[in-house]
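**Q** Take this structure first; my questions come after.
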Amino acid sequence: MDVRQSSLFRQRAFIDGFWIDADAGAVFAVHNPATGEYLGSVPDMGAAETRRAIEAARRALPGWRSKTAKERAQIMRRWYELILAEQETLARIITAEQGKPLVEARGEIFYGASFIDWFAEEGRRVHGDVLPLTNGDRRQLVFKQPIGVTAAITPWNFPSAMFARKVGAALGAGCVMVLKPAEQTPFSALALVDLAQRAGIPDGVINVVTALDPAPVGLELTQNPVVRKLSFTGSTEVGKILLRQAAGNVQKCSMELGGNAPLIVFEDADLDLAVKGALATKYRNCGQTCVSANRMIVQESIAERFAQRLAEAASGLKVGNGLEEGAVVGPLIEEAAVEKCERHVADAVNRGARLLTGGGRHTLGGTFFQPTVLAGVKEDALIFQEETFGPVAPVISFKDEADAVRLANSTPFGLAAYFFSRDIPRVFRVAEALEFGMVGVNETLISSEVAPFGGVKHSGLGREGSRYGIDDYLEIKYVCLGGM
Ligand code: NAD
């Protein structure tokens, strides 16, 4: 099946219910990272088109906001069902533009759709409050109201799920949205919005602007006074730029930024479970996941055994085009990502680390990289300090619990952390001591629509998913009635 033949493979942007070209007719090309093959092109838009998308959203807001939560939920539910019905085509679009194995892409569609279903229902549970009397002649109430016109900017590593996680919460709350997908992966967002229209989501409620240069679009989305909220997922560096821009507009921001997740293995852990967990978090999406374990922090007495076991398992992972049967590790997104992995491996080895498996480009060429395990990594290594975003697992050893917690927390990032232990008091102590927004204990695949996703420190602001996720799209209004 060639996804380019599908009616869901859209090559135009979507504004006010219409498929639109850029004003000057400019387009940019998108390539398949596994083959380098040209996939298609989308409009190269800028501030003017973004402004029109914002205006379309503003016009659509009163109609969407004034529907009952149940009416909104029914339309969103239809969208959710259409997404599931088209799961295979949507998954193939992800694999074509992003590279991940098809089985993971199918999982991403299912995961993303679950946020639309979840927030359709959460929208029906947005309650205000009646406050206790402070004075007999008045009544005090709290209303929760949709923020209004919102914006989102999403990354290439989960091109479909990041779109759904943001749009789902916005629409469930009664907000409308203008979204800019990553330039490497616009087709997943465009396919989803096609299905949104078929489901009956009114024109202007969701708008998708595509651009090769994200800066002018980002500037308009943060500085236009009509836009009252921005939700961003991407690097900490770009998140800080957007926060500075949004400050001028006192715009509410949710930021899902970079991570540098530790995975601690204590000597009392179930080693089989720890190796399995490390493998799942490290090599999924070729390590290009913000919650991917970046640092394996293992107690001295078992560090060598753990590293050898992980290397053995990693060397057996099949690397290949995501469409190939059995491929579990796809390509990296682009050449710069390969160079970063090479730099991190070389730096660790220069500082005394030992390469147990992998270590460089895969014989498949292009942007394929070998699943890699490094033992004896030092704390000052680049790979310990920075997010690698690739299939490279560095193993560093620690002496005792305090040392493990110190190493894990010694980063400006605080998104996800994992640890393996069977000692119940330790499980509580360490879970409490880790400075991260999400902690997996004896489990590394922890994300779901029911749980709050987000980070602390330089990993971000706000939470997505769960019953907390809808709050980011609501304003609290206090109403005081006097003269009773
Ligand atoms: P990136 O920050 O370069 O790009 C993310 C998005 O921002 C893209 O759509 C891009 O076009 C846009 N962008 C870039 N510069 C911009 C600007 N000046 N103005 C407006 N928009 C701009 O990040 P990336 O390399 O694509 O993604 C990888 C990073 O994202 C990693 O650090 C990863 O940890 C992080 N991430 C975080 C989460 C999370 O939920 N916390 C999830 C996925 C990825």
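**Q** Rounded to the nearest 20 debye, what is the charge dipole size of the chain about its Cα centre when +1 sits on each Lys and Arg Cβ and -1 on each Asp and Glu Cβ?
**A** For this selection, approximately 1340 debye.
**Q** Related question: Could you work out how much longer the chain between R354 and D129 gets when fully extended? Use 0.36 nm per residue separation minus the Cα distance between them, nm to one decimal.
**A** 75.0 nm
**Q** Turning to a different aspect of this structure: Go through K282/K378; K240/K340; K252/K282; K252/K340; K399/K457; K229/K276 and tell me which ones have a Cα-Cα distance over 28 Å in this structure.
**A** K252/K282; K252/K340; K229/K276
**Q** Now a separate question. Sort Y38, Y111 so that the residue with the fewest other Cβ atoms within 10 Å of its own Cβ comes first and the one with the most comes last.
**A** Least crowded to most crowded, the residues run Y38, Y111.
**Q** Oh, and also: Net charge within 9 Å of L90 by Cβ-Cβ distance, Lys/Arg positive one each and Asp/Glu negative one each, not counting L90 itself?
**A** So the environment of L90 carries a net charge of -1.
**Q** Sticking with this structure for a sec: Of G326, T222, V238, whose Cα points farthest to the positive end of the dipole of segment 207-345 (charges on the beta-carbon: +1 Lys, Arg; -1 Asp, Glu; origin at the Cα centre)?
**A** My answer, from the dipole projection, is T222.
**Q** Right, here's the next one. From the residues G483, M177, A348, which one has its Cα farthest along the dipole of the chain in the positive direction, the dipole being from +1 and -1 charges on Cβ of Lys/Arg and Asp/Glu about the Cα centre?
**A** Checked the options; the winner is G483.
**Q** Would you pull out the residues with amide H under 5 Å of I264's amide H, same chain only if 5 or more places away, H placed 1.01 Å from N?
**A** Residues meeting the criterion, in which the H sits 1.01 Å from N, are I297, Y418, F419, F420.
**Q** Okay, moving on. Given charges of +1 on the Cβ of Lys and Arg and -1 on the Cβ of Asp and Glu, with all other atoms neutral, how large is the dipole of segment 350-484 about its Cα centre, in debye to the nearest 20?
**A** Value, rounded to 20: 360 debye.
**Q** Using only Cα atoms, locate the centre of segment 60-126 and the centre of segment 444-462, then give the distance between them in Å, rounded to an integer.
**A** 19 Å
**Q** Moving on. State the answer as a single residue: which of L8, A29, P62 lies farthest towards the positive end of the charge dipole of segment 2-90, with beta carbon charges of +1 for Lys and Arg and -1 for Asp and Glu, about the Cα centre.
**A** P62
**Q** Okay, moving on. How big is the dipole moment of segment 406-466 about its Cα centre under a simple scheme where the beta carbon of each Lys and Arg is +1, that of each Asp and Glu is -1, and everything else is neutral? Debye, nearest 20, please.
**A** 240 debye
**Q** What do the square roots of 5 times the Cα gyration tensor eigenvalues come to for segment 262-441, in whole Å, largest first, as semi-axes of the equivalent ellipsoid?
**A** So the equivalent ellipsoid measures 26, 16, 15 Å along its semi-axes.
**Q** Before rounding to the nearest 500, sum -39500 (n - 2.57) across all DSSP H runs of length at least 4 in the chain and divide by the residue total; then give [θ] at 222 nm in deg cm²/dmol.
**A** Roughly -12000 deg cm²/dmol at 222 nm, from the helical runs in the chain.
**Q** I would also like to ask the following. Specify whether the C-alpha gyration tensor of the chain places it in the rounded, prolate or oblate class, a ≥ b ≥ c being the square roots of the eigenvalues: rounded for a/c under 1.5, otherwise prolate if a/b is larger than b/c and oblate if not.
**A** Oblate.
**Q** Below 8 Å between Cα atoms, with a sequence gap of 6+, how large is the relative contact order for segment 221-337 in percent?
**A** Worked out over segment 221-337, it gives 20 percent.
**Q** For a footprinting-style exposure proxy, rank H362, H31, H344 by other Cβ within 10 Å, fewest first.
**A** H31, H362, H344
**Q** Now, a different point. Using only Cα atoms and rounding to the nearest 10 degrees, what angle (0 to 90) does helix 87-98 make with the longest principal axis of the chain?
**A** Once rounded, the angle reads 60 degrees.
**Q** Taking the Cβ of each residue in E475, E449 as the centre, tally the other Cβ atoms inside 10 Å and list the residues starting with the fewest.
**A** Fewest-to-most Cβ neighbours within 10 Å comes out as E475, E449.
**Q** Let me ask you something else. What's the angle, to the nearest 10 degrees (0 to 90), between helix 161-173's Cα axis and the longest principal axis of the chain?
**A** 30 degrees
Bear in mind that the values in this text are calculations on the coordinates, not laboratory data. Remember, it's a predicted structure, so these values are computed and weren't measured experimentally. Using ideal geometry, Cβ is built from the backbone for each residue, glycine included, and neighbour counts are taken over all protein chains shown.
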